[in-house]
Amino acid sequence: MSVGQGIGPSIRVSSPYDFGVFMYATYEGSVPVVSDLQSYLDLYSRGGRDLKQAQYFLENRIQTNWNTA
């Protein structure tokens, strides 16, 4: 389901088949936001153009956390 009114991009809200995707979620108000790792896994599994975004996400969000650990 896509939701959008007014100025700005639409937001896509979906219900997962497995609620384990929210294991390390954070919250923006009352909306759960999946972890960086879950986002990477979802992008990677889709393939195609999403692989490029998955690689960017890995290098710029996930690996930077490894370096600080």
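Taking amide hydrogens as placed 1.01 Å from N in the peptide plane, the amide H of ALA25 sits under 5 Å from those of SER35, each at least 5 positions away in sequence or on another chain.
Quick check: from the Cα gyration tensor, does segment 24-69 come out rounded (a/c under 1.5), prolate or oblate?
Values: a/c = 2.74, a/b = 1.20, b/c = 2.29.
Oblate, since a/c reaches 1.5 and b/c is not below a/b.
Could you pull out which residues in segment 31-59 have an amide N less than 19 Å from a spot 7 Å beyond the Cα of ASP18, following the Cα-Cβ vector? Within reach of a label on ASP18, which here means backbone N under 19 Å from a point 7 Å along Cα→Cβ, segment 31-59 contributes 33-47.
Take every Cα pair under 8 Å whose residues are at least 6 apart in sequence, average their separation, divide by the length of segment 11-69, and the relative contact order is 21 percent.
3J(HN,Hα) along segment 43-50: 5, 4, 5, 6, x, x, 5, 5 Hz, from the Karplus curve 6.51 cos²θ - 1.76 cosθ + 1.60 with θ = phi - 60°, whole Hz, x for Gly and Pro. Here the spin labels are modelled as points 7 Å beyond Cα on the Cα-Cβ line, and at GLU28 and ASN67 they lie 2.5 nm apart.
Throughout, read-outs are computed from the coordinates displayed, never taken from laboratory work. Worth saying up front: this structure is predicted, and the values here are computed from it rather than measured. Counting neighbours? That spans all protein chains shown, and the Cβs are built from the backbone with ideal geometry, glycine included.
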